[in-house]
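Step one of this worksheet: look at the structure below.
Read-outs throughout are calculated quantities, based only on the coordinates presented, and are distinct from any laboratory measurement. All values reported here derive from a predicted model rather than from experimental measurement. Positions of Cβ are backbone-derived with ideal geometry, glycine not excepted, and every protein chain shown enters the neighbour counts.
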Amino acid sequence: MSDPSAGSPPRRRLAPADRRDELLDRALDLVAEHGAASVTMQAVARAAGVARPLVYDFFADRAALLDALLVREESRALSDVMTVAPRVLAGTDLGDSVTTALEAFLRLVLDRPTTWRMLLSPTEGLPAEVGIRIERGREKIAGVVEASIRAVLGTRIAGLDTEVVALAVIAAGEAAARLVLSAPSEFPPARLTGFTRALFSALTLEPVPNGRH
């Protein structure tokens, strides 16, 4: 069997940690181009210009490779959310806070589109343990959002059910992120945040008495 790197320029010598990161970077490139299901040991080796056995030096199998990639990308995404969530939910007006949070979240999504496409993607065709990892990542992010809502808004808005608000914000945020990622020209962030702001404004209008227009 021929080495896939034969005939190509000499492979760069990298420290083990750097080589591992490079392999994960190439796996992330594959996710961006063809989806997570396209990530195989052979595909990553080919993309990195190395022999497949070298990939096995770092990851026992495809599931371990995908799990390592998810751990890294989930950590980055979670760090982004933890940095943004408490700050953007600092207002006392729920509508303004949710709209600002959505706007900030969509900026994070566009900053790391492949990461979020992977975290929000269906888990069919992936190893079971990888699907579990994706769900756990979503739960961690949900926990950060709920904790922020409880800490910032829960004591300022009487009777606010922070768990329900968090679930609604997360569901709306994930739906908006999928729209931005799949059809950015049709659903730019400004359109989605404008809708959110208008919706909250409509919900806070006083009802018109019967017979009056």
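Key figures
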read-out	value
FRET efficiency for Tyr56 and Thr114, using Cβ-Cβ distance with R0 set to 25 Å, rounded to 0.05	0.55
Full-extension gain in nm, Glu124 to Ala147, via 0.36 nm per residue minus C-alpha separation	5.3 nm
Estimated FRET transfer efficiency when R0 is 35 angstrom, pair Ala158-Thr83 (beta carbons, to 0.05)	0.75
